[in-house]
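Below is one structure, written out as structure tokens, with a few remarks after it.
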Amino acid sequence: MTEASNPFASLDATDQAALVASGEVSPTELVAAAIDSAERLNGELNAIIHPRYEQALAEAAGELPDGPMRGVPMVLKDLDGFQAGEPYHAGMRALAEAGFVPDADSWLTERFRAMGAVIIGRTNTPELGLVPSTEPALYGPSRNPWDTTRSPAGSSGGSAAAVAAGIVPLGHAGDGGGSIRVPASVCGLVGLKPSRGRVTLGPEAVGAWGGLVARLVVTRSVRDTAAVLDAVAGGGPGDPTTAPAPAAAMAGRGGRRPRQPSCGVDHPGS
């Protein structure tokens, strides 16, 4: 596929947040670059199915929380969590036809916002996340940016495709039987399934799949995943399981982002 236009595509979220913190780049510049990249690449990738570009630009230009990812663009998977006022279909035609829109954020969505991240859209997922590929009848298949004849796997395949393509550095993901780890592995990303109870699933899905489901992100660096885990970890009221607090912060334990794998596409980070 063609190279992304995003001039920040080779930077992980930690580096992008540092540019904002130093005043070298504004949140609006980061978000606008991500949106431009999405508009150029998403027709081929089919990663983002519910764009919210105008809202994201307005949020980036406003008062963002002073969190560790202030101004960094990200995507939310259209499964594993609600975002108030935005469609939630979970790959299901029935929810799409019903026009279901939640009226409140999941607690994890609230924590992403508290990091200062700006959500530019929601990403493709198989129906109810039940298969390890992302090709729902409702929205059609997502494609792997390394080779668009192949799948980014699933169920967090839309998020993985958006991150691997350099559209955004952070993609919300969830994992019951491999739905973070499998897309990460086939898209050359970092994908950690947190321990049970490490990140709340509340308030709408406590104890999902008998405790097998965990939620976090796919990223392009270990340090990004560590920083996000530090920012969003913790239980919520009614959680059946809460993991003990770690002895020290995760951020700082990982090195810089890994060199991108060699492949036959013009990747923005290569």
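Just to confirm my numbers, what's the Cα centroid distance between region 15-85 and region 101-180 in Å?
Cα centroid of region 15-85 versus Cα centroid of region 101-180: 14 Å apart.
Which of 104, 214, 161 moves the most in a Gaussian network model of the chain with Cα springs under 10 Å?
104
Based only on other Cβ atoms within 10 Å, what is the fewest-to-most ordering of 216, 170?
By the 10 Å Cβ count, ascending, the order reads 216, 170.
Which longest run of the chain has no exposed loop site in it, a site being GluC sites (Glu not before Pro) in a DSSP loop with at most 15 other beta carbons within 10 Å, and the site itself not part of the run? Write out the running numbers ahead of the final one.
Working: sites that count: 24, 63, 204.
For GluC sites (Glu not before Pro) (loop position, at most 15 other Cβ atoms within 10 Å), the longest site-free span of the chain is 64-203.
For residue 103 and residue 208, what is the calculated FRET efficiency with R₀ set at 25 Å and r taken between the beta-carbons, to the nearest 0.05? Let's see the in-between values first.
On the way: r = 20 Å, r/R0 = 0.81.
Working from the Cβ atoms, E equals 0.80.
Please list, ordered by chain and number, the residues whose modelled amide H lies under 5 Å from the amide H of residue 214; skip anything fewer than 5 residues away on the same chain.
The list, which skips near neighbours in sequence, is 175, 176.
Explain nothing, just the number: relative contact order of the chain, from Cα pairs under 8 Å at least 6 residues apart, as a whole percent. Kindly include the intermediate steps, with their values, before the conclusion.
Working: 661 pairs, mean separation 54.0, N = 270.
Computed over the chain, the figure is 20 percent.
Report, by chain and number, residues whose modeled amide H sits under 5 Å from the one on residue 121, excluding near sequence neighbours (fewer than 5 apart, same chain).
52, 76
What is the set of long-range amide H partners of residue 192 at a cut-off below 5 Å, with H atoms built 1.01 Å from backbone N?
Excluding prolines and chain starts, which carry no amide H, the hits are 217.
Using only the Cα atoms of the chain, what do you get for the radius of gyration and for Dmax, in Å?
Gyration radius and largest Cα-Cα distance of the chain: 16.7, 48 Å.
Mind checking which of 30, 76, 19 has the largest fluctuation in a GNM of the chain, springs on alpha carbons under 10 Å?
Among 30, 76, 19, the largest GNM mean-square fluctuation belongs to 19.
Throughout, read-outs are computed from the coordinates displayed, never taken from laboratory work. Remember, it's a predicted structure, so these values are computed and weren't measured experimentally. Positions of Cβ are generated from backbone atoms using ideal geometry, with glycine treated the same way; all protein chains shown enter the neighbour counts.
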